[in-house]
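Asker: The structure follows.
Any read-out appearing in this document is the output of simple, stated calculations on the displayed coordinates, not a laboratory observation. Remember, predicted model here, so these are calculated numbers, not experimental data. All Cβ positions, even for glycine, are placed from backbone atoms using ideal geometry, and neighbour counts span all protein chains on display.
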Amino acid sequence: MTASETKLKGCFIIDPRVFQDDRGYFFESFNQETFNNLIGKTVSFVQDNESFSSRGVIRGLHFQIGEFAQAKLVRVVKGAVLDVAVDIRPESDTFGQYVAVELNEKNKKQLFVPRGFAHGFSVLSDTAIFSYKCDNFYNKKAEAGIIYNDPSLNIDWKIKKEEEQLSEKDVILPTIEQYFK
């Protein structure tokens, strides 16, 4: 397993070592000790989540605030997504910048999204199973987000406008500027 820090401090792409032969493949998707050594800090995950979505679904950009902030380790079990992490740490040199990484069942890449980031993804395949670990428990009262099509972020979700599928709550989120006023 290897880790590459993105242009956003603390946000890492994780590449597992995959063992393949004519029977299939095996890889270690998570090892606490190896993971902590790779990213240079201790993160203890307490909750695993999984979602199933169809092509064109955009989920995000979500985060939790205050004592309920969450770091996430995300991956795709089946299909392909464009995974996006946005730095929303006001004191950060990269505030308002984002990274976008294709995660899919073939490359088996993972993205570590630290606390202080908004997170979302778009489904590029017919369907996708998306799995992620969180280092803090979900709390509905701490739920927050930024609108997926914020013009100041200018994220290309790799989905045609007519294919976009969003939840009612995701289409009414504020822009990053509105949120941080």
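Asker: Just for the stretch 115-125: of the residues that are in contact with a strand residue (DSSP E or B) (Cβ under 6 Å, 6 or more places away or on another chain) and assigned to a loop (DSSP other than H, G, I, E, B), which one is surrounded by the most Cβ atoms within 10 Å (Cβ to Cβ)?
Answerer: L124
Asker: Working only within the stretch 1-39, note down all residues that are closer than 15 Å to L73 by Cα, out of contact with any Phe, Trp or Tyr (no Cβ under 9 Å at 6 or more places or on another chain) and free of Cβ contacts under 8 Å to residues at least 24 places away in the same chain.
Answerer: E33, N36, N37
Asker: Name the single residue that is nearest to F68 (Cα to Cα) among those in the stretch 104-115 being over 12 Å from the mean Cα position of the chain (by Cα) and not basic (K, R). Working first, answer last.
Answerer: Going residue by residue through the stretch 104-115, those that are over 12 Å from the mean Cα position of the chain (by Cα) are 104-108.
Keeping just the survivors that are not basic (K, R) gives 104-105, 107.
Details: N104: 28, E105: 30, N107: 31 Å.
Within the stretch 104-115, the match that is nearest to F68 (Cα to Cα) is N104.
Asker: Restricting attention to strands (runs of 3 or more DSSP E) lying wholly within the stretch 11-114, give those where 3 or more residues are more than 18 Å from S131 (Cα to Cα).
Answerer: The strands (runs of 3 or more DSSP E) meeting that bar are 18-21.
Asker: For the stretch 141-152, which positions are surrounded by 19 or more Cβ atoms within 10 Å (Cβ to Cβ) and in a loop (DSSP other than H, G, I, E, B)?
Answerer: I146, I147, Y148, D150
Asker: Inspect the stretch 126-140 for any residue being part of a loop (DSSP other than H, G, I, E, B) and more than 17 Å from Q64 (Cα to Cα) and give the result as yes or no.
Answerer: Looking for residues that are part of a loop (DSSP other than H, G, I, E, B) and more than 17 Å from Q64 (Cα to Cα), one finds at least one in the stretch 126-140, hence yes.
Asker: A follow-up question, please. Restrict the check to the stretch 140-148 and report whether at least one residue is touching a Ser or Thr at 6+ places or on another chain (Cβ under 8 Å), among the β-branched types (V, I, T) and free of Cβ contacts under 8 Å to residues at least 40 places away in the same chain.
Answerer: Checked against the condition, which is being touching a Ser or Thr at 6+ places or on another chain (Cβ under 8 Å), among the β-branched types (V, I, T) and free of Cβ contacts under 8 Å to residues at least 40 places away in the same chain, the stretch 140-148 yields no hits at all.
Asker: In addition: Looking for something of a type in the set (D, E), more than 18 Å from Y179 (Cβ to Cβ) and touching a Phe, Trp or Tyr at 6+ places or on another chain (Cβ under 7 Å) - is there at least one such residue anywhere in the stretch 119-126?
Answerer: No - not one qualifying residue is present in the stretch 119-126.
Asker: So, one more: Please go through the stretch 159-181 and pick out each residue that is in a loop (DSSP other than H, G, I, E, B) and surrounded by 14 or more Cβ atoms within 10 Å (Cβ to Cβ).
Answerer: Matches in the stretch 159-181: I159, E164, L166, L173, P174, T175.
Asker: Continuing with this model, one more query. So, L124, is that one without any contact (Cβ under 8 Å) to a residue 40 or more places away in the chain and of a type in the set (A, V, I, L, M) or not? Walk me through how you get there before you give the answer.
Answerer: Numbers: without any contact (Cβ under 8 Å) to a residue 40 or more places away in the chain: no; of a type in the set (A, V, I, L, M): yes.
Here the answer is no, as L124 does not meet what is asked.
Asker: Anything in the stretch 19-44 that is touching a helix residue (DSSP H, G or I) at 6+ places or on another chain (Cβ under 8 Å) and either surrounded by 13 or more Cβ atoms within 10 Å (Cβ to Cβ) or among the basic types (K, R) (or both)? List them, or say none.
Answerer: Selection gives V43 alone.
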